[in-house]
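Peer 1: A single structure is presented below for examination.
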Amino acid sequence: MASPARTEINESNADEFTRKAAIAGSRGLLVFATSSLISCFSLLTVFRYLFPTGTKANKHEMLACERPHRFSKHTLITKVWTTSHAIFATCMFTTYFLSSTTSIYAMMVFAGSAWAITTWAPFTLISMDVSTTDSSIDISEEENGAGIMIGLLNVSICLPQILAAFVSGFVFWWLGNENSGTSIVCLLNFGGVAAALAACLCAGIHSRENQELEVSQGWE
């Protein structure tokens, strides 16, 4: 039977560990959010420099317009999006090997950048596809098509979250509360598998112009 003094020490150590864990977790969220914010502004700046829009372009933007690009805007966004999925998958798989708080913070930096790209790229691609208006298509049909695309995007966002909730509940129930750390690592690796699959699917995205060109070449 444990003595009262030893029980008090164990409870004190547990409280101290909980306090330090809460502080580390809060700092990790701050690192993640800061990385996402910086990545968002950086993406907008880079793409505005590479592909300036509007009629009031300054001399710097005019030079950027004259500079040939190896990839179109759609293709470049798709490649950046695919890379972000690969980075996020790598971050999730490295959770097996991270053993220090500093390494976890470093992983959160990369994960935050990947998250920023993932929340920006699909809406940008959809807006670009919608803005490619065909003169033979009625405006009302174009608006309905845009609404359907946004609705399908929202469904594709919600369904994986529902699936992840069921999988998380099953994993925690199967491994039990005493193995909560193992359960979290398993779930993070499951997220890495999903991100790797998303990277493979994202690599197959083609713009409307590329699809029309492939069809025309096929007929030839």
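Peer 1: From Ala57, Ala64, which residue is of a type in the set (Gly, Ala, Ser), in a helix (DSSP H, G or I), at pLDDT below 90 and more than 17 Å from the chain's Cα centre (by Cα)?
Peer 2: Ala64
Peer 1: So Ile137 fits all but one of (1) surrounded by 14 or more Cβ atoms within 10 Å (Cβ to Cβ); (2) modelled with pLDDT under 70; (3) over 25 Å from Trp81 (Cβ atoms); what number is the exception?
Peer 2: Here Ile137 meets the rest and fails (1).
Peer 1: Now a separate question. When you check Leu76 against the structure, is it at pLDDT below 85 and surrounded by 11 or more Cβ atoms within 10 Å (Cβ to Cβ), yes or no?
Peer 2: Judged against the criteria, Leu76 is not a match.
Peer 1: Okay, moving on. Hey, can you tell me all the residues within the stretch 87-109 that are under 10 Å from the mean Cα position of the chain (by Cα) and surrounded by fewer than 20 Cβ atoms within 10 Å (Cβ to Cβ)?
Peer 2: If the condition is that a residue be under 10 Å from the mean Cα position of the chain (by Cα) and surrounded by fewer than 20 Cβ atoms within 10 Å (Cβ to Cβ), then Ile87 is the only one that fits.
Peer 1: Now a separate question. Is the stretch 113-127 home to any residue that is surrounded by 10 or more Cβ atoms within 10 Å (Cβ to Cβ), polar (S, T, N, Q), farther than 21 Å from Phe190 by Cβ and at pLDDT below 70?
Peer 2: Checked against the condition, which is being surrounded by 10 or more Cβ atoms within 10 Å (Cβ to Cβ), polar (S, T, N, Q), farther than 21 Å from Phe190 by Cβ and at pLDDT below 70, the stretch 113-127 yields no hits at all.
Peer 1: Within the bounds of the stretch 31-40, is there any residue that is over 21 Å from Lys79 (Cβ atoms), of a type in the set (S, T, N, Q) and modelled with pLDDT of 85 or more?
Peer 2: Within the stretch 31-40 (the criterion being over 21 Å from Lys79 (Cβ atoms), of a type in the set (S, T, N, Q) and modelled with pLDDT of 85 or more), the answer is yes, since at least one residue qualifies.
The values are calculated or read from the model by the stated rules, or taken from the named source; none is laboratory data. Since the structure is predicted, the reported quantities are computational estimates derived from the model, not experimental observations. Because the Cβ atoms are built from the backbone with ideal geometry, glycine has one as well, and the counts that use them run over all protein chains shown.
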